[in-house]
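The values are calculated or read from the model by the stated rules, or taken from the named source; none is laboratory data. Just so it is clear, the structure is predicted and the values come from calculations on it, not from any experiment. Positions of Cβ are generated from backbone atoms using ideal geometry, with glycine treated the same way; all protein chains shown enter the neighbour counts. Ligands, DNA and RNA are stripped out before the accessible areas are found, and what is left, the full protein with its side chains, is counted by its heavy atoms. Shrake-Rupley method; radii C 1.70, N 1.55, O 1.52, S 1.80 Å.
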Amino acid sequence: ATTLGAAAAGSNRYFGTAVASGRLGDSTYSTILDREFNMITPENEMKWDTVEPSRGSFNFGPGDSIVNHANAHGQRMRGHTLVWHNQLPGWVSSIGDANTLRSVMNNHITQEMSHYKGKIYAWDVVNEAFADNGTGQHRSSVFQNVLGNGFIEEAFRTARGVDPAAKLCYNDYSIEDWSSAKTQGVYNMVKDFKARGVPIDCVGFQSHFGSGGAPASFRTTLSNFAALGVDVQLTELDIAQASSGAYANAVQACLDTARCTGVTVWGIRDSDSWRTGENALLFDNNGNKKAAYTSVLNAL
Ligand code: XIL
């Protein structure tokens, strides 16, 4: 195969990218997007601050523009994200009453998933709920602080009721190293959800790596999660300085895991990346393929 998407399809996987709706009119960008990628994650357009900036007032225009593009070009969509402590409007983070927040969270999930019902392969139902402090516990957030530990389970149960055909994922960063407390915390949550029948189908490993790339234990982590009975994906891959070896190695970790269904990079050209100046993606500022692109294509 001569493109990332076609090469990944050869093993029944996808190769995706984050897309910013404002760049779709840039023909260099959209030409690469439609040639190389068969899965799209909206970079910001399905986040709470865009979708429900004030209570009960929904804005699906930016997300719709990406979904329409995907439909016109045969690309599938990952919904990102329903419940997250960042890019969360102040009207949500200032709610102090549990009954109010529970109904606001469930309504947000219901309205957004209903709007996109049938159009989303997988939803990041909850994003980044675990702490970085070495405890393996949830991080502080309005959801955690007002609703308690059960907010994640509640979000997944609500989501399953709205679009039963969509895969429901938990997504996080720095959970790639098997030895980290954060990884263990997420693993224990998924194990508990599976044991109790809480609906969860997949775990997204964001995979925002430094120049050394993935930790040595990444394959172990992916296969241990998969053994719990969930699909796994690399959902936001980018690597500082994008060495060929580091990129090929990260993608190979997915290929080595039967239940790893695909890889998504977090942007197309280096100039599209949220990591300004880190040269972390597969295409240079002019849209030319970098060495890391070739190494990934050859690995797939
Ligand atoms: C980032 C976007 O790339 C930026 O444009 C935005 O300003 C901040 O969010 N983890 C996630 C993504 O789950 O949604 C984040 O995306 C990067 C980290």
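Checking each residue in the stretch 5-21 for being assigned to a loop (DSSP other than H, G, I, E, B) and more than 16 Å from the ligand (Cβ to nearest atom) picks out GLY10, SER11, ASN12, ARG13. Here the stretch 125-171 is the region considered, the condition is being away from the ligand (no atom under 14 Å from the Cβ) and of a type in the set (Val, Ile, Thr), and the residue that is most open to solvent (accessible area, probe 1.4 Å) is THR135. Of all the residues in the stretch 232-272, those that are more than 16 Å from LEU300 (Cα to Cα), over 15 Å from the mean Cα position of the chain (by Cα) and outside any helix (DSSP H, G or I) number 4.
On inspection, SER174 does not qualify as out of contact with any Leu (no Cβ under 9 Å at 6 or more places or on another chain) and more than 16 Å from the ligand (Cβ to nearest atom). Scanning the stretch 22-36 for residues that are without any contact (Cβ under 8 Å) to a residue 40 or more places away in the chain and in a loop (DSSP other than H, G, I, E, B), we see that the one that is farthest from ASN286 (Cα to Cα) is GLY25. Give the residue that is surrounded by the fewest Cβ atoms within 10 Å (Cβ to Cβ), with candidates limited to residues of the stretch 57-68 that are without any contact (Cβ under 8 Å) to a residue 24 or more places away in the chain and not in a helix (DSSP H, G or I). Among those residues, the one meeting the criterion is SER57.
Scan the stretch 194-209 and tell me whether some residue there is open to solvent by 10 Å² or more (accessible area, probe 1.4 Å), within 16 Å of the ligand (Cβ to nearest atom), on the phi > 0 side of the Ramachandran plot and of a type in the set (Ser, Thr, Tyr). No, every residue in the stretch 194-209 fails to be open to solvent by 10 Å² or more (accessible area, probe 1.4 Å), within 16 Å of the ligand (Cβ to nearest atom), on the phi > 0 side of the Ramachandran plot and of a type in the set (Ser, Thr, Tyr).
Which ones in the stretch 273-300 are part of a strand (DSSP E or B) and open to solvent by less than 40 Å² (accessible area, probe 1.4 Å)? Steps first, please.
Of the stretch 273-300, the ones part of a strand (DSSP E or B) are 283, 289.
Residue satisfying the conditions is PHE283 alone.
The residue of the stretch 69-87 that is least open to solvent (accessible area, probe 1.4 Å), among those that are of a type in the set (S, T, N, Q) and in a loop (DSSP other than H, G, I, E, B), is GLN75.
Candidates are the residues of the stretch 25-47 that are within 15 Å of the ligand (Cβ to nearest atom) and closer than 23 Å to TRP123 by Cβ; the one that is most open to solvent (accessible area, probe 1.4 Å) is ASN44. Looking across the stretch 247-270, the residues that are small (Gly, Ala, Ser) and free of Cβ contacts under 8 Å to residues at least 40 places away in the same chain come down to ALA253, ALA258.
Do the conditions hold for THR261, that is, is it hydroxyl-bearing (Ser, Thr, Tyr), more than 18 Å from ALA246 (Cβ to Cβ) and touching a strand residue (DSSP E or B) at 6+ places or on another chain (Cβ under 8 Å)?
Criteria met by THR261.
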